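To keep things clear, I will list the structure first and then write my remarks on it.
The values are calculated or read from the model by the stated rules, or taken from the named source; none is laboratory data. Computed from a prediction, not measured in an experiment: that's the story for all the values here. Neighbour counts are summed over all protein chains in view; Cβ atoms, including those assigned to glycine, are modelled from backbone coordinates with ideal geometry.
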Ligand SMILES: Nc1ncnc2c1ncn2[C@@H]1O[C@H](COP(=O)(O)OP(=O)(O)O)[C@@H](O)[C@H]1O
Ligand code: SF4
Ligand SMILES: [Mg+2]
């Protein structure tokens, strides 16, 4: 049987020095985030583990409602009031920031060493503040500049990184296009020079051309500055060019974790296969496009076995139990019983 494993590249020794440049900038282990609602407990993030190497980018892909935003918010500890369970470890530079109390987390981590560009952030800039003041805010909050002038200089540097003309610093959000406002939101996340940033659906509210422009900004950032990022998206096609690693999320869990190049060529998990089959290509006409019949399960009392079983054409007896993540020979991790021997999947294997 293949080695069962957590969905993480390496286990890193825990240390207490946030400045240490460990191989993995981020190492999330056994993360849970459940919400209490009138209808029951929502298992939005259910035992998620993954690691991100320093300087690399990773995409988290999955259909709407599968827990991507909740996972990003769990990492940055941006939590709503109705949290029922919030557990796990989250190593930043090898130091477990889940152990920090809220004040320390706010002072040392959030918007300083780690930042999140929220979904629809371009529409949530403060309308009465000049964009220069918004971008400079994290600098001032964290005392990273001696005065306002120096904070503005840093804001101007961040603008250059994302391709916003410096004379836009004095404008108000309503004076900028959607694409420019999204760049401003990204600049705000970069201004403190964080170890990693999480971008939650950074292109979803934009037209095709602007989406492409934003992806170019991210590609350039990846090439030019030493930043690690996590890109959350429901659209697998937007991410193929910039992701080094890919995590496929389904119903609150990561079902496949792999290097992106291999993933986009040959996805392994039955859900990943269907996801990739639904991506339009130049060769395929619309009728040939696959779609995934059915809906993801409710995250209140989700199925006990494999959560994809109801939609999976390969389902067999074992699937009534939850599969662990199996490690393949090429280090990919797949949470599916078809891969319990760790190698190629046999068409008749599950039967
Ligand atoms: N504060 C909350 N209270 C209750 N349920 C929530 C809350 N936030 C998110 N959810 C639910 O958690 C699940 C995952 O949501 P989300 O993380 O937004 O998914 P995604 O970003 O993949 O679309 C969904 O079922 C959503 O309705
Ligand atoms: S574990 Fe079973 S039901 Fe789940 S994806 Fe694999 S074959 Fe399908
Ligand atoms: Mg979301």
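Residue-wise test of (1) closer than 30 Å to residue 206 by Cβ; (2) part of a strand (DSSP E or B).
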| site | (1), (2) |
| --- | --- |
| 79 | yes, no |
| 85 | no, yes |
| 88 | no, yes |
| 91 | no, yes |
| 98 | no, no |
| 105 | no, no |
| 112 | yes, no |
| 115 | yes, yes |
| 119 | yes, no |
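Return a yes/no flag: does segment 88-97 have any residue that is crowded, with 18+ Cβ neighbours inside 10 Å and within 16 Å of ligand 1 (Cβ to nearest atom).
The first filter runs over segment 88-97 and keeps only residues crowded, with 18+ Cβ neighbours inside 10 Å, leaving 88, 90-95, 97.
Add one more test, that the residue is within 16 Å of ligand 1 (Cβ to nearest atom), and what stays is 88.
Scanning segment 88-97 turns up at least one residue that is crowded, with 18+ Cβ neighbours inside 10 Å and within 16 Å of ligand 1 (Cβ to nearest atom).
Residue 161 falls short of the stated requirement of being out of contact with any strand residue (DSSP E or B) (no Cβ under 9 Å at 6 or more places or on another chain), modelled with pLDDT under 90 and in the same structural domain as residue 133 (by TED's automatic domain parsing).
Rundown of residues vs (1) in contact with a helix residue (DSSP H, G or I) (Cβ under 9 Å, 6 or more places away or on another chain); (2) surrounded by 13 or more Cβ atoms within 10 Å (Cβ to Cβ); (3) at pLDDT 95 or above, yes/no style:
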| position | (1), (2), (3) |
| --- | --- |
| 250 | yes, yes, yes |
| 255 | yes, yes, yes |
| 267 | yes, yes, no |
| 285 | no, no, no |
| 309 | yes, yes, yes |
| 321 | yes, no, yes |
| 332 | yes, yes, no |
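Out of 83, 48, 61, I need the residue that is within 13 Å of ligand 1 (Cβ to nearest atom), over 11 Å from the mean Cα position of the chain (by Cα) and either surrounded by 24 or more Cβ atoms within 10 Å (Cβ to Cβ) or more than 24 Å from residue 300 (Cα to Cα) (or both). Which one? Outline the logic, then answer.
Values: 83 fails: either surrounded by 24 or more Cβ atoms within 10 Å (Cβ to Cβ) or more than 24 Å from residue 300 (Cα to Cα) (or both); 61 fails: over 11 Å from the mean Cα position of the chain (by Cα).
Criteria check complete, one pass: 48.
Among the residues of segment 118-137, write down those that are within 16 Å of ligand 3 (Cβ to nearest atom) and modelled with pLDDT of 90 or more.
Taking segment 118-137 first, the residues within 16 Å of ligand 3 (Cβ to nearest atom) are 118-124.
Within segment 118-137, just 118 meets the criteria.
Evaluating residue 299 against the criteria (1) more than 16 Å from ligand 3 (Cβ to nearest atom); (2) modelled with pLDDT of 90 or more leaves one unmet condition, (1).
Of the strands (runs of 3 or more DSSP E) lying entirely inside segment 167-282, none contains at least 3 residues that are on the phi < 0 side of the Ramachandran plot and free of Cβ contacts under 8 Å to residues at least 24 places away in the same chain.
Please list, ordered by first then second residue, the pairs with beta carbon atoms under 7 Å, 6 or more apart or interchain, first in segment 313-330 and under 17 Å from residue 29 (Cα atoms) and outside the structural domain of residue 270 (by TED's automatic domain parsing), second part of a helix (DSSP H, G or I) and away from ligand 1 (no atom under 16 Å from the Cβ). Every condition considered, the pairs that remain are 326/339. Scanning segment 212-250 for residues that are within 16 Å of ligand 2 (Cβ to nearest atom) and over 11 Å from residue 59 (Cα atoms) yields a single hit, 250.
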